[in-house]
Amino acid sequence: MPDTRTLLIDAVRRALDAIGVDAAFEVVVERSARPEFGDWSTPVALGLARILHRAPAAIAADLAAHLEAAQVPRVRAWTVTPPGYINAHLDDARWAAAVLASATVLEASGTLDLESAAAGKTLVEHTATNPNKAAHIGHLRNACIGDTVARVLRRTGHVVEVNNYIDDTGVQVADVVVGIRELGIEQMPDEPFDQYCSRVYIAISARYETDAALLERRRAVLREVEEGGNATAVFVKDLARRIVNAHLVTMRRFDIAYDLLTWESDIIGLGFWRQAFELLRESGAIVLAESGKLAGCWVMPAETAEDDSDDDTKVLVKSDGIATYTAKDIAYQLWKFGLLGRDFNYVPWGDDPALVTTATVPRGDAPPAHFGHAQRVINVIDARQAYPQRVVQRALRRLHHEREADNSIHLSYEVVALTPAAAAELGIEIEEGRDSVALSGRRGIEVRADDLLDRAIARLSANARDAATATVVAAGAVRYYLLKFSLNQIIAFDFDDALRVTGDTGVYLQYAHARAAGILRKVADDALPVDVPSALHPAERELLHSVEAYARALTETAHALSPSLLTTYAFGLAAAFSDFYEHTPAIVREEDPVIRRFRRGLVAATRATLADALHTLGMAAPDQV
RNA sequence: GGCCCCGUAGCUCAGUGGAUAGAGCAGAGGUUUCCUAAACCUUGUGCGCAGGUUCGAUUCCUGCCGGGGCUACCA
């Protein structure tokens, strides 16, 4: 059943047809600015005034007459207000009943086919934290965005595959290897492995400044890793596996999971890059630079012949023969679309039955391969990597994969930075004149994801009914905090904001859900048909509008790939419910059976909708807190 | 220099080509014989500046100012 807004847009469209307005004229219908105007309003008459050479109010009156005559379902009356708005006043009995019925369906159905099923699979790559250190809140922002986007897409009927890319042949892992070998730093008793590696990473990064010879050691490590089949490669693989396991445990605490772990070393080991290199070379997409500062490198030249500045020339193979990260990413992107003509080997990861990892060597218990071959690829990567992502897209275009290039989405988001207050709390000096400092694992400027969650749990434990509740509410609170900012807004991280338990927080949403669930526990469902009372309380109207808006909020979130749209919606729904809760009499003591039944139904619809929104955001919807 | 992002209330942020631009926090003051007060209510002279497009611009365009990022044989 269409929602009221869609119904009204169609009705206005037909009224416009009736007075001969071009079908291309855009119909806007929005919530009325003030309740006394109505429930929904359209400004179409304003825009038509010039086209029709008539006063807006006169056009509005004509249209209102047509709408009145059309007997639009769920609409009780049409009015016109200056300077020419047309307002719909809803027939509460029919509208409210429809909203409650839809929300009940929502609860019953497993998936919500809101998108007319874009054919094919969407592959979402997220997290992709370098396996050389503990995950911090910057990595967690990435994971929360990616995980939520995947959930939203699945909820709206898409087929989704989630990859977590493991960059185990890159510079950052090599740094830790050099650090462990050269600096003699020991793991402390009780020190988690990922935190130990973070410590080594910070130490070796500082040492490079004074000991350039160490950089040569790093080059040697990288070469051995790329060649494979030696002790260093085995050492790195083991180190990376241990870090990846730590990352998976961390992310699991936030209910973040993956379908497939893809290893950069397999892209090298299985010849993906070799294959991609040949394709790129044969097509002329990359060339060997023979002179200049890039002599000896295989590079992808600039976008256009005119713009041949070095600025836009990207090195894919360094003069020492080692492929850059971007090069391997091109091979990976080709694989994601099924364009490489090669596939990974797949083996289960540990004892998690739902998680598969790529492997260089096949194994007997390999799960059936159903990975890759995506229609659309979404790479969740921070805004600083926009340039290399453009190079990946450009590579697809140069190989004449236009459609796949168009369907390669860099889902860019801004970084997390520390406010001066947060930096001070961590004992980090902030540069004079700056109002924030960027996170940096390399420099130890960070808030570890696990530490933040532990602090949130500690903060919530005092008021939660038990430890398990505190844990899920804390995880939800941290997720909500990292999701509520627009993607292109830098998060100015502040401990007070992130750990707050009142106001616009995940805790508020979960508390509202628990309140609704509490009412449903105490007010029995008499299973009789729900009638709508003759007069709705303003808070009831707002809550009904908010419940009804869920489907649209979901589809808009899916289209924009922007989780903050959904957090904003969910907060609005929870606030509307709190307002209803505070400003209408307690249902448990309601004597009138019609009102009691209706208001219980409204609470049930709210709870179901809020639970659905919370789950789609990757948050728990506890019945009690 | 080129490209990208940001600039809305004291602070952190939503928001929209339409009728009086919203939240949270911080500050002040209130609400509990009542379904969980992690709540609710009261308290607010704010869209960086200047042009342009438009019936209508905080929203779109151009320029400028301020801040951040990218522009590596790192990722």
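Output the 0 to 90 degree angle, nearest 10, between the alpha-carbon long axis of helix A:213-227 and the longest principal axis computed from the alpha carbons of chain A.
So the inclination is approximately 80 degrees.
Taking amide H atoms as placed 1.01 Å from N in the peptide plane, list the residues 5 or more away in sequence, or in a different chain, whose amide H sits under 5 Å from that of A:Asp168.
Amide H neighbours of A:Asp168: A:Glu264, A:Ser265.
How would you rank A:209-219, A:494-504, A:409-419, highest first, on the average number of other Cβ atoms within 10 Å across their residues?
Order by mean packing, descending: A:409-419, A:494-504, A:209-219.
Cα gyration tensor of the stretch A:398-524, axes a ≥ b ≥ c as square roots of the eigenvalues: rounded (a/c below 1.5), prolate (a/b > b/c) or oblate?
oblate
Nearest 10 degrees is fine. How inclined is helix A:56-70 to the longest principal axis of chain A, computing both from alpha carbons?
80 degrees
Whole number in Å², please: accessible area per residue of chain A, 1.4 Å probe, ligands, DNA and RNA not counted.
For chain A, the solvent-accessible area averages 44 Å² per residue.
Roughly speaking, to the nearest percent, how much of chain A's 1.4 Å accessible area is carbon and sulfur?
Carbon and sulfur: 52 percent of the exposed surface of chain A.
To the nearest 10 degrees, how steep is helix A:171-183 against the longest Cα principal axis of chain A, on a 0 to 90 scale?
50 degrees
What does the net charge come to around A:Ala492 if you take all other residues with beta carbon closer than 12 Å to its beta carbon, with K and R at +1 and D and E at -1?
Value of the local net charge: -4.
Rounded to the nearest 20 Debye, what is the dipole magnitude of the stretch A:109-210 about its Cα centre when Lys and Arg each give +1 and Asp and Glu each give -1 at the C-beta?
280 debye
For chain A, what relative contact order do you get, as a whole percent, if you take Cα pairs closer than 8 Å and at least 6 residues apart?
Value for chain A: 14 percent.
Count neighbours as other Cβ atoms within 10 Å of each site's Cβ, and list the chymotrypsin sites (Phe, Trp or Tyr not before Pro) in the stretch A:136-231 that are DSSP loop with at most 12 such neighbours.
Hits after loop and neighbour filter: nothing returned.
Using Cα pairs under 8 angstrom and six or more residues apart, how large is the relative contact order of the stretch A:433-564, in percent?
Relative contact order of the stretch A:433-564: 22 percent.
Among the aspartates and glutamates, which have Cα under 19 Å from the Cα of A:Lys484 when same-chain residues fewer than 8 positions away are ignored?
A:Asp147, A:Asp255, A:Asp382, A:Glu414, A:Asp494, A:Asp496, A:Asp497, A:Asp504, A:Glu556, A:Asp612
Helix-only estimate, please: 222 nm mean residue ellipticity of chain A, summing -39500 (n - 2.57) across DSSP H runs of length 4 or more and dividing by its residues, to the nearest 500.
About -16000 deg cm²/dmol.
Under the classification rounded if a/c is under 1.5, otherwise prolate if a/b is larger than b/c and oblate if not, where does the stretch A:260-355 fall, given a ≥ b ≥ c as square roots of the Cα gyration tensor eigenvalues?
The shape class here is prolate.
Scan around A:His136 for amide H atoms under 5 Å from its own, H built in the peptide plane at 1.01 Å from N, and keep only partners 5 or more places away or cross-chain.
A:Ala449
Net charge within 13 Å of A:Ser32 by Cβ-Cβ distance, Lys/Arg positive one each and Asp/Glu negative one each, not counting A:Ser32 itself?
So the environment of A:Ser32 carries a net charge of 0.
At what distance in nm do the modelled label points of A:Arg50 and A:Glu414 sit from each other, each positioned 7 Å from its Cα along Cα→Cβ?
Those two pseudo-labels are separated by 3.4 nm.
Label chain A by shape, choosing from rounded, prolate and oblate, from the square roots a ≥ b ≥ c of the eigenvalues of the Cα gyration tensor; if a/c is under 1.5 it is rounded, and otherwise prolate applies when a/b is larger than b/c, oblate when it is not.
Prolate, since a/c reaches 1.5 and a/b exceeds b/c.
Which of the lysines could a cross-linker bridge to A:Lys318, judged by Cα under 24 Å and excluding same-chain residues fewer than eight apart?
Result set, ordered by chain and number: A:Lys237, A:Lys293, A:Lys328.
The values are calculated or read from the model by the stated rules, or taken from the named source; none is laboratory data. Just so it is clear, the structure is predicted and the values come from calculations on it, not from any experiment. Cβ sites come from the backbone with ideal geometry, for glycine too, and all protein chains shown count toward neighbours. SASA here: full protein model, heavy atoms, side chains in, ligands and nucleic acids out. Shrake-Rupley method; radii C 1.70, N 1.55, O 1.52, S 1.80 Å.
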